[in-house]
Amino acid sequence: MKRSSFAAPYGLWMLVFTVVPVFIIVFYAFSVSGGVTLDNFRLFLEPEFVGILTFSLWLAFLCTLLCLLFGYPCALFLASRDMKRATMLVVLFVIPMWMNFLLRTYAWMTLLEDTGLINRFLEWIGIGRQRLMYTENAVLFGLVYNFLPFMIFPIYSVLVRSDRNLEEAAQDLGANSWLVFLRVTLPLSLPGVVSGVSMVFMPAVTTFVIPRLLGGGSFMMFGDLIENQFLTTGDWNFGSALSLIMMALIFISLGILHRFNPDAESNGAVW
Amino acid sequence: MNRINVVPRYLTKVLAMLLTIALAMGVSMSALADGEVNVYNWEDYISEGALALFEEETGIKVNYMRFTTNEDMLVQVRADPTNYDVIFPSDYIIERLISEELLEELDWGNIPNASNVLGWLNNPSYDPDGRFSVPYMWGTVGILYNTKMVNAPIDSWTALWDEEYKNNVFMMDSIRDTIGVTLKMLGYSMNERSQEALDAVKDRLIEQKRAGIVKAYQVDETKDKMIAGEAAIGVVWSGDAAYAMGYNEDLAYVVPNEGSNVWVDGMCVPKGARNKANAETFIDFMCRPDVALLNFEEIWYCTPNAGTIALLDEETLQDETIFPPQDVIDRCEFFQDISSDITRFNRIWLAVKSAR
């Protein structure tokens, strides 16, 4: 038996659950009640739909930026500890991910609402109620909270495997710690950053449910729109067209990211 | 009892979507056994005790699924009606399902308890010959408000556009209901479909959202948030109002003067249902006065069951939130099926939801 035949079940799985559905989506996207047409894509050009897409892209961009700003120092910190304590910390970061993100988002709802714990505390110390939930910032916060680990871990896994001798060599050659970071650590970690950015940006653009829960249904993202077409409106053709547009965007952003990756074959960015 | 129930709803939605995709691919689900009935009902809309009692007495296993709005349910039933044996659509959706020939005619010999249904609901406009549906509950759409958080008692839909209640209003995340109450506020019928009226509705809803009056668009969450005092005003169905008022005595419910929607949710069997006989047994069981009482005391919508009403005490019967007086019913109207115009309604709703 050839070794590659072990991959047959996986190949079949991919065929049935990835390739065939994509063709079904393409079929629906280019048809309306059986006839081939571009109407679904024309409909997408209406301002409200383009508006939903640009809003999603903008929010996903902000989310990725914030995740990078918080995630990079965090990964740096985790990677700099001696192994024993770091493992402990890494586990602490992983544990929340074991719980379904919906449950965690519901937990945030009870914390953020007007009569929630945070506001009760703010009232108690005399600051008074703040409007925390049902705002754009609440949605952004929910996204950052949910996707932060996907930024930290790729960067961490690259940093932790990079050769410490290189940093020491740079120090020996007279570089101060800032210069070591800028010229050695940062370039070495770029594959992790690229991987982290793609792992945050793409799911963030397509997110649904989180915006509805924390934004109170007032901030519709592209994922919500697609869900709405399939579940509420029942327009599978338009929904498929939207999904195709989404897929195209994902491939484009993957392509752009790929160009930034100095080490495309890197085995570090597996997370 | 239903506080935590909202969580799995999204999971069931996602699951339902995956299942329909699997079905579309021709992957057939395993045939369902004889002793089962697949029930597709609204979220928070039945007594768990009644379901357990049904399983215990009949030995038929209930596979229970939930939906949030009529439109969500309609999409799923259209995708494959045979997935469900009993569904709980509202009046205008029953009308739609009948016209699309998606319902089975009921065998009244299997549903003797249907005779308990109040006379005025026997041959309703949405099911003129009374062949396809048995009324389950009925009620109104109105405003639930917190008397401690408003200046004066509310009696008009215009309160929903009052800047006084900025960031203090829960609207309903349901197309027909929200567009309907806006039409009423503007003096139209809830079934108005002219583009002029719909454009006016769209403008008013976007204006309301941009002014920051709307706190959130939601359905099942509103009752619990109103109990907690999260907002001053919420658009709700009467049963949710009665339920919330039972937990927070500052809450009051009103069907505004302009009039509103009165609705009936029926029990129907979709075309080609796999367990039709079990479905009729289930419907009959739900019409038994003691079972209907269990449901009534759980969800607080008006029961159409004369046998159950006979079991209620005077105080409950006098409760105007649960049993609206005749003058309230007189200023309400049923939704009618809007057939293909639903696409225009959808567009308006998307424009409102995506407005910023």
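The values are calculated or read from the model by the stated rules, or taken from the named source; none is laboratory data. Treat the numbers as computed from the prediction; the structure is a model and nothing was measured. Backbone-built Cβ (ideal geometry, glycine too); neighbour counts: all protein chains shown. These accessible areas exclude ligands, DNA and RNA; they are computed on the full protein's heavy atoms, side chains included. Shrake-Rupley method; radii C 1.70, N 1.55, O 1.52, S 1.80 Å.
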**Request:** Return yes or no: is residue B:340 at pLDDT below 95, crowded, with 16+ Cβ neighbours inside 10 Å, farther than 20 Å from residue B:53 by Cβ and within 14 Å of chain A (Cβ to nearest Cβ)?
**Result:** no
**Item:** The lone exception for residue B:213 - which of (1) within 14 Å of chain A (Cβ to nearest Cβ); (2) closer than 30 Å to residue B:105 by Cα; (3) among the hydrophobic types (A, V, I, L, M, F, W, C) it fails
**Value:** (2)
**Request:** Please find, among B:241, B:273, the residue that is touching a residue at least 40 places away in the same chain (Cβ under 8 Å) and either within 14 Å of another protein chain (Cβ to nearest Cβ) or assigned to a helix (DSSP H, G or I) (or both).
**Result:** B:241
**Complete:** Here the residues within the range B:128-137 that are among the hydrophobic types (A, V, I, L, M, F, W, C) and crowded, with 24+ Cβ neighbours inside 10 Å are B:134, B:137
**Subset of the range A:122-137 (residues that are among the hydrophobic types (A, V, I, L, M, F, W, C) and surrounded by fewer than 11 Cβ atoms within 10 Å (Cβ to Cβ))** = A:124, A:125, A:127
**Asked** Is at least one residue of the range B:41-52 under 15 Å from residue B:275 (Cα atoms), in contact with a strand residue (DSSP E or B) (Cβ under 7 Å, 6 or more places away or on another chain) and among the charged types (D, E, K, R)?
**Response** no
**Asked** Quick check: anything in the range B:121-130 touching a strand residue (DSSP E or B) at 6+ places or on another chain (Cβ under 6 Å) and more than 16 Å from residue B:335 (Cβ to Cβ)?
**Response** no
**Request:** Evaluate the following for residue A:231: is it farther than 19 Å from residue A:55 by Cα, aliphatic (A, V, I, L, M) and either within 12 Å of chain B (Cβ to nearest Cβ) or open to solvent by 20 Å² or more (accessible area, probe 1.4 Å) (or both)?
**Result:** yes
**Prompt:** Which one of these is small (Gly, Ala, Ser) and under 12 Å from residue B:161 (Cβ atoms): B:200, B:211?
**Reply:** B:211
**Item:** Filtered residue count, the range A:118-136, keeping only those that are more than 13 Å from chain B (Cβ to nearest Cβ) and assigned to a loop (DSSP other than H, G, I, E, B)
**Value:** 4
**Asked** Which of (1) within 14 Å of chain B (Cβ to nearest Cβ); (2) among the aliphatic types (A, V, I, L, M); (3) farther than 21 Å from residue A:246 by Cβ; (4) open to solvent by less than 80 Å² (accessible area, probe 1.4 Å) does residue A:12 not meet, given it meets every other one?
**Response** (4)
**Residue among B:78, B:9 that alone is open to solvent by 60 Å² or more (accessible area, probe 1.4 Å), of a type in the set (Lys, Arg) and either modelled with pLDDT under 55 or under 19 Å from the mean Cα position of the chain (by Cα) (or both)** = B:78
**Prompt:** Among the residues of the range B:110-127, is any open to solvent by 10 Å² or more (accessible area, probe 1.4 Å) and acidic (Asp, Glu)?
**Reply:** no
**Complete:** Among A:115, A:110, A:185, the single one that is within 14 Å of chain B (Cβ to nearest Cβ), over 26 Å from residue B:355 (Cβ atoms), outside any loop (DSSP other than H, G, I, E, B) and among the β-branched types (Val, Ile, Thr) is A:110
**Message:** Can you find a residue that is modelled with pLDDT of 90 or more and within 27 Å of residue A:216 (Cα to Cα) anywhere in the range A:93-101?
**Reply:** no
**Request:** With respect to residue A:230, determine if the residue is of a type in the set (Phe, Trp, Tyr) and in a helix (DSSP H, G or I).
**Result:** yes
**Fill in**
Condition set within 21 Å of residue B:181 (Cβ to Cβ) and aromatic (Phe, Trp, Tyr), scope the range B:309-337, selection farthest from the other protein chains (Cβ to nearest Cβ): answer is B:334
**Message:** Condition (residue is of a type outside the set (S, T, N, Q) and facing chain B (nearest Cβ under 10 Å)) applied to the range A:201-208: is it met by at least one residue?
**Reply:** yes
**Criterion: within 30 Å of residue B:191 (Cα to Cα) and within 20 Å of the chain's Cα centre (by Cα) - qualifying residue of B:287, B:302** = B:302
**Request:** List every residue pair whose Cβ atoms lie under 9 Å apart, where the two residues are 6 or more positions apart in sequence or sit on different chains, the first residue falls within the range B:57-80 and is at positive phi and small (Gly, Ala, Ser), and the second residue, located anywhere, is assigned to a loop (DSSP other than H, G, I, E, B) and open to solvent by 20 Å² or more (accessible area, probe 1.4 Å).
**Result:** B:59/B:35
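Each row is one residue, and each column tells you yes or no for (1) surrounded by fewer than 15 Cβ atoms within 10 Å (Cβ to Cβ); (2) at positive phi; (3) in contact with a Ser or Thr (Cβ under 7 Å, 6 or more places away or on another chain); (4) charged (D, E, K, R).
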| site | (1), (2), (3), (4) |
| --- | --- |
| A:7 | yes, no, no, no |
| A:34 | yes, yes, no, no |
| A:45 | yes, no, no, no |
| A:62 | no, no, no, no |
| A:69 | yes, no, no, no |
| A:74 | no, no, no, no |
**Request:** Specify which of the listed residues (A:144, A:139) is assigned to a helix (DSSP H, G or I) and within 14 Å of chain B (Cβ to nearest Cβ).
**Result:** A:139
**Asked** Only one of (1) more than 25 Å from residue B:134 (Cβ to Cβ); (2) away from chain A (no Cβ under 14 Å); (3) surrounded by fewer than 18 Cβ atoms within 10 Å (Cβ to Cβ); (4) not polar (S, T, N, Q) fails for residue B:355. Which number is that?
**Response** (2)
**Request:** Please state which of the following conditions residue A:61 fails to meet, knowing it meets all the rest: (1) away from every other protein chain (no Cβ under 14 Å); (2) over 27 Å from the mean Cα position of the chain (by Cα).
**Result:** (2)
**Message:** I'm checking my understanding of the structure. Among residues of the range A:169-182 that are in contact with a helix residue (DSSP H, G or I) (Cβ under 9 Å, 6 or more places away or on another chain) and assigned to a helix (DSSP H, G or I), which one is nearest to residue A:76 (Cα to Cα)?
**Reply:** A:181
**Asked** Looking at the range A:114-133, is at least one residue closer than 25 Å to residue A:74 by Cα and in contact (Cβ under 8 Å) with a residue 24 or more places away in the chain?
**Response** no
**Prompt:** Is there a residue in the range B:139-154 that is in the same structural domain as residue B:244 (by TED's automatic domain parsing), within 24 Å of the chain's Cα centre (by Cα) and not in a strand (DSSP E or B)?
**Reply:** yes
**Asked** Which condition number in (1) part of a helix (DSSP H, G or I); (2) open to solvent by 10 Å² or more (accessible area, probe 1.4 Å); (3) within 11 Å of chain B (Cβ to nearest Cβ) is the one that residue A:214 fails?
**Response** (2)
